[in-house]
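Have a look at the structure below, then the notes.
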Number of protein chains: 2
Amino acid sequence: MRVVILGSAAGGGLPQWNCRCPICTLARSEPDRVQPRTQSSIAVSADGSDWLLINASPDIRQQLFENRTMHPRERLRHSPIRAVLLTNGDVDHVAGLLTLREGQPYTLYSTRGILDSVNANRVFDVMAEGVVAREAIGMDAPFEPLPGLSVTLFPVPGKVPLWLEDETMEIGAETETTVGALIEAGGRRLAYIPGCARVTDGLRARIAGVDALLFDGTVLHDDDMIRAGVGTKTGWRMGHVPMRGENGSIDALAATEIGRRIFVHINNTNPVLIEGSPERGDVEAAGWTVAHDGLSLSL
Amino acid sequence: MRVVILGSAAGGGLPQWNCRCPICTLARSEPDRVQPRTQSSIAVSADGSDWLLINASPDIRQQLFENRTMHPRERLRHSPIRAVLLTNGDVDHVAGLLTLREGQPYTLYSTRGILDSVNANRVFDVMAEGVVAREAIGMDAPFEPLPGLSVTLFPVPGKVPLWLEDETMEIGAETETTVGALIEAGGRRLAYIPGCARVTDGLRARIAGVDALLFDGTVLHDDDMIRAGVGTKTGWRMGHVPMRGENGSIDALAATEIGRRIFVHINNTNPVLIEGSPERGDVEAAGWTVAHDGLSLSL
């Protein structure tokens, strides 16, 4: 199995368009200290030729341009991306669908609930009927978006997208609005969970023994945004478990058997983004890699 | 008045994600021969400090990152972009609204019809109520989105966006679905018309005497897409007048008094994109500039 992390940042990317926090400022002025990162997306392939895109970020055009593997190879119109999967309906995961148009056929997979949210917005009709199929996938039901690649979706603690929030919203519920994906090819297993509000026993049991885990690295501490002075929301309020602190993912997953542990979906306020920072050193010492754009794995 | 062309390509950009036409291939392999271009957007300022963004392309995050003038300058959160205007509802002009979130206040201006199209899609609620105001502007009614900058919208021959097309669609009608903008500051005048199906007497009269015209350069000939083998649609069918051929814009505007003539919104199939090509030479000899990303004007 081959995996390419097309975008390793959370919503807004790094730098975020309107942010002057120290980390965004470094990303503009000293890319050796803070490498700029695009928004959350990976591509997975069983054969290195046809790829499943998981999550379509607003930066998808730039991501496909900068990764040669993703360039069209045949005829006048072509894409190595043959299927697309959404793990939630957040803008950083669905806005890129507006770019994946131009008459290019593929199948869009997600849960019924996430697809319904997308379908309710007519702007996504640029993925034309008869060209892009939209297929709902149930929980715990393995399917093959591409030959030799098996995917199983499962609910993880999360919340509805920001643009669907209302007073009835519940944080941390395990519903079809936020899912993880277990991906298998050639006997190797990858778990991809870019959004997760809490590490549960059920989650640990599901991912035990995977060859690699790509996990929600939005915040280091629950109050990252508040510490940075850029907002009032906690990680929990945004549906993201912190790396460290009470119930932090690093400790919560420490005893689980996992091949490579990699943080993705990293928010611009997370100090692990600074090369050589104590916080980066801490998570690396705990056995985790902080993803950067273009990081690829062969499992 | 200062003007920055943030993105000079039409929808899909250059290269387009799934296109292997000779021009897209050159944009990937020989950027000296075909310079890559992002999708259609400009920024205009009266004072060089606060900017009006006209059209929000899917590439907006990359565009704001690559243009230092557009970086935040004050406090922790800030943007020089203080107002946004849409000239139609095409995906290449509205998708970027999904990036202009993160609690940043500005006013979004457009016609009632275009705003209604946007508002009907709940995904755009990421521009939060109470943070981003949405203001409908009538035709031929000058308004000041920023102090010292006056804008007048006027209808141009066009069509509804692709994602709103149905059997009742009319091409070439002058309605509020496709508009041009006349922008004045300090006694200088700019006309911005990135989409236009036909040059009419009325259009010529409106723009006569402007210091600069940024005009629809989607196709060179009406059948560019067919010649390139990538599609069956004519320029007319897409709502875009060709540069050359019957009713071509170069001839149709030749006798109109215009300071600088610049083509924007250039489709990846248009051979004027090739540096040194006979087609580029032809339009330049006719007094036109083919825009590239980052081209800026001081009027």
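Give the Rg/Rh ratio for chain A, taking Rg as the radius of gyration of the Cα atoms and Rh as the Kirkwood radius, to two decimals.
Working: Rg = 17.9 Å, Rh = 19.1 Å.
When Rh is taken as the Kirkwood radius, the ratio is 0.94.
Report the Cα-based extents of the stretch B:53-149 along its three principal axes, largest first, to the nearest Å.
Rounded to whole Å, the extents work out to 34, 32, 25 Å.
Out of all DSSP beta bridges with both ends in the protein assembly as shown, state the antiparallel percent to the nearest 5. Walk me through the numbers before you get to the answer.
Working: 58 of 112 bridges.
Approximately 50 percent, going by the DSSP bridge assignments.
With a Cα-only, solvent-free Debye model of the stretch B:114-272, what are the log10 I(q)/I(0) values at q = 0.12, 0.15 Å⁻¹?
Those come out to -0.59, -0.90, one per q.
Fewest first, what order do B:SER29, B:SER45 take by the number of other Cβ atoms within 10 Å? Before the final figure, lay out each step's value.
Values: B:SER29 11, B:SER45 21.
Result, fewest neighbours first: B:SER29, B:SER45.
Given the rotation relating B and A, tell me which residue in B puts its Cβ closest to the axis and the distance in Å.
B:ASN121, 2
For the stretch A:11-74, what D do you get in µm² per second when you plug the Kirkwood radius from alpha-carbon pairs into Stokes-Einstein at 20 °C and 1.002 mPa s? Walk me through the intermediate numbers first.
On the way: Rh = 13.3 Å.
Answer, rounded: 161 µm²/s.
Using helices alone, what [θ] at 222 nm do you get for chain A, with -39,500 (n - 2.57) per DSSP H run of 4 or more residues, divided over all residues and rounded to the nearest 500?
Rounded to the nearest 500, the figure is -4000 deg cm²/dmol.
For the pair B:SER49/B:ALA173, report the inter-label distance in nm, with labels modelled 7 Å from Cα in the Cβ direction.
4.4 nm
Mind listing the label-point distances from A:GLY172 to the same position on all other copies, shortest first, one decimal in nm, points 7 Å along Cα→Cβ?
So the distances to the same position in the other copies read 6.3 nm.
For the stretch A:151-220 and the stretch B:59-95, what is the separation of their Cα centres, given in Å?
After rounding, the separation between the Cα centres reads 32 Å.
Placing the label point 7 Å from Cα along the Cα-to-Cβ direction, what are the distances from A:ASP251 to the equivalent spots in the other copies, shortest first, in nm to one decimal?
Once sorted, the set of distances for A:ASP251 reads 7.8 nm.
Evaluate Rg over Rh across the protein assembly as shown, taking Cα atoms for both radii and Kirkwood's formula for Rh.
Dividing the radius of gyration by the Kirkwood radius yields 0.97.
In nm, one decimal, shortest first: how far is the label point of A:GLY229 (7 Å from Cα along Cα to beta carbon) from the matching points in the other copies?
Copy-to-copy label distances at A:GLY229, shortest first: 5.9 nm.
Read-outs throughout are calculated quantities, based only on the coordinates presented, and are distinct from any laboratory measurement. Fair warning: this is a prediction, and the values are worked out from it, not measured in the lab. FYI the Cβ positions are ideal-geometry reconstructions off the backbone, even for glycines, and counts take in every protein chain you see.
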